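The values are calculated or read from the model by the stated rules, or taken from the named source; none is laboratory data. Given the structure is predicted, the values throughout are model-derived calculations rather than measurements. Cβ coordinates were reconstructed from backbone atoms using ideal geometry, including for glycine residues, and neighbour counts include every protein chain displayed. We work out accessible area using only protein heavy atoms, side chains counted, and drop any ligands, DNA or RNA first. Shrake-Rupley method; radii C 1.70, N 1.55, O 1.52, S 1.80 Å.
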Amino acid sequence: MRLLALAATLASLALPAWAEIPVNQISGYLNSFTTAKSAFTQINGDGSISTGDLSIRRPGRARFDYDAPNKGLVIAGGGQVAIFDPVSNTPPEQYPLSQTPLSLILADNVNFGRSGMVVAHGGDSTQTAVTLQDPANPEYGNIQLIFTPNPVTLRQWVITDDAGSQTTVILGDMQTGVSLGSSLFNIPLEMQRRGLSN
């Protein structure tokens with residue numbers, strides 16, 4: 001009887017590990033939608049907090065519209081990430097999307113089963129965290145995604161950049177399958193609208 005009780009105790013301790021969402025199921029969830037929209041709260045590396053609205057149009061496109069007083073704008077589109085400064089009349093800072101961890105979830109076909117992509121994966125019956133990096137370029141940093149189950153839903157992510165600085169984005173209730181025009185993610189068009197040139 002004592003052995004049975006011990007076995008039952010060990011089984012109950014192991015249950016949380018079994019309850020985490022499998023990596024292939026997370027990949028399937030991200031591949032299940034092309035467009036999504038959500039309010040977000042961002043916690044920056046310096047502790048400052050900003051809010052706004054996120055729009056995603058896979059593959060390769062995202063838009064972060066920040067609320068006042070920030071009123072900033074970040075657009076991923078055309079293989080680039082552009083950071084627009086609302087108080088400057090200079091062109092946006094731009095970086096290749098492929099050199100940011102965000103590219104891993106904006107891919108045309110999300111496949112976290114690729115060798116070396118998942119650097120950590122764990123959770124319990126309430127949430128699962130998976131940390132990803134570009135296996136060919138780990139120096140670009142990583143992204144940790146937090147999901148809740150039943151149904152699988154993306155709740156937040158933490159990006160750690162190449163300098164070790166962390167940015168946390170907490171999502172509200174994400175709507176998928178929404179109508180989002182391609183012009184929202186057009187960096188040259190946004191620059192033209194703002195009267196900016198390269």
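Taking the Cα centre of segment 62-198 as the origin, how large is its charge dipole in debye, to the nearest 20, when only Lys and Arg (+1) and Asp and Glu (-1) carry charge on their Cβ atoms?
Numbers: 6 positive and 12 negative charges, 52 e Å.
Computed charge dipole of segment 62-198: roughly 260 debye.
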Arrange the residues 139, 190, 20 by how much accessible surface each exposes, largest first, with a 1.4 angstrom probe.
139, 20, 190
Distance in nm between label sites at residue 48 and residue 176, each 7 Å beyond Cα in the beta-carbon direction?
3.4
Amide N of segment 82-98 lying under 12 Å from the label point, which is placed 7 angstrom from the Cα of residue 137 along Cα→Cβ:
95-98
Test of understanding: in a Gaussian network model of the chain with alpha carbons linked when under 10 Å, which of 55, 165, 98 would top the mean-square fluctuation ranking?
165
Relative contact order for the chain using alpha-carbon pairs under 8 Å, separation at least 6, rounded to a whole percent?
23
